[in-house]
Amino acid sequence: MIPTNAVRCQVDNGPMIYPAKPGLSYKCETCGGGLKPGQDPEPGLYWGESYGYLALFEIDEDERDTEEEISDLYSALGTFASILGDPMTASGVGGHFTCSEANELVRALMVGDNKQAAMTFLEGHAHGDHDVDDEHGDLLDYESYVLELAGQPVPELIEGPEPKAAEPKADEFVIVTTEELMAAIGL
């Protein structure tokens, strides 16, 4: 089956085969000839692959404005962060990525301001990657690492006392008599 939008050979009108590997040229399925000089898509069209053939497609003018597109991208990054930033997912799949892939995923998460998800994913990767060339195995400060990867400033750390946890406040109960309660509600 040949798609109706297949690019045709100018010699015998045969369909042009899309190359299986990048760098190979387009060839006619019937005569083996290639594209002729100047055989380009018309304005408003572009070439792409369809069912193994070189095909013509219309350029789809996106009617959205830049703010909508940016909002969509941040939403997609947020979804991405909610998946990779989940500790169970991060520890389960993080080690299956190479270190350079993990770094790229961290950069993508940081574009969307998802620092906590980036740190969680990187920690899952570091604990799950047992490769001899693992560059994250000895990493202790995930926050500074993800900030550096994202090109953001890393705050200088100083020695000082650990912050004290706020002590829970004691619950204070007011004791009210039945008469006071009835007077308060107007009975």
Show me the chymotrypsin sites (Phe, Trp or Tyr not before Pro) within segment 75-180 that DSSP assigns to loop and that have at most 11 other Cβ atoms within 10 Å of their Cβ. Phe173
Measure nothing but the geometry: give the 0 to 90° angle between the long axis through the Cα atoms of 115-128 and the longest principal axis through the Cα atoms of the chain, rounded to 10°. 80
Between Leu45 and Glu156, with labels modelled 7 Å along Cα→Cβ, what's the label distance in nm to one decimal, could you check? 6.4
What is the helix-to-structure angle for 66-84, meaning the angle in degrees between its Cα long axis and the longest Cα principal axis of the chain, kept from 0 to 90 and rounded to the nearest 10? 70
Cut-off under 5 Å, modelled amide H: who pairs with Lys27 long-range: Ile17
Size of the dipole of segment 66-149 about the Cα centre, Lys and Arg at +1 and Asp and Glu at -1 on the beta carbon, nothing else charged, in debye to 20? 220
Helix-only mean residue ellipticity at 222 nm, the chain, DSSP H runs n ≥ 4 weighted -39,500 (n - 2.57), per residue, nearest 500. What is it? -11000 deg cm²/dmol
What distance in nm separates the simple spin-label points at Ala20 and Lys164, each placed 7 Å from Cα in the Cβ direction? 7.3
Hey, if you put +1 on the Cβ of every Lys and Arg and -1 on every Asp and Glu Cβ in the chain, which of Thr177, Ile2, Trp47 ends up farthest toward the positive end of that dipole? Ile2
Checking the a/c ratio against 1.5 first, then a/b against b/c, what shape does the Cα gyration tensor give for segment 66-149? prolate
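Using 1/(1 + (r/R0)^6) with R0 = 25 angstrom and r between the beta carbons of Glu68 and Arg107, what's the FRET efficiency to the nearest 0.05?
0.55
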With each label point set 7 Å from Cα along the Cα-Cβ vector, what nm distance links Glu135 and Val11? 4.9
Could you state the number of Å between the C-alpha centres of segment 146-187 and segment 56-85? 39
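Every read-out reported here was derived from the displayed coordinates using simple, explicitly stated rules and does not represent laboratory data. Everything numeric in this text was worked out from a predicted model, so none of it was measured. Here the Cβ is made from the backbone with ideal geometry for all residues, glycine too, and neighbour counts use every protein chain on show.
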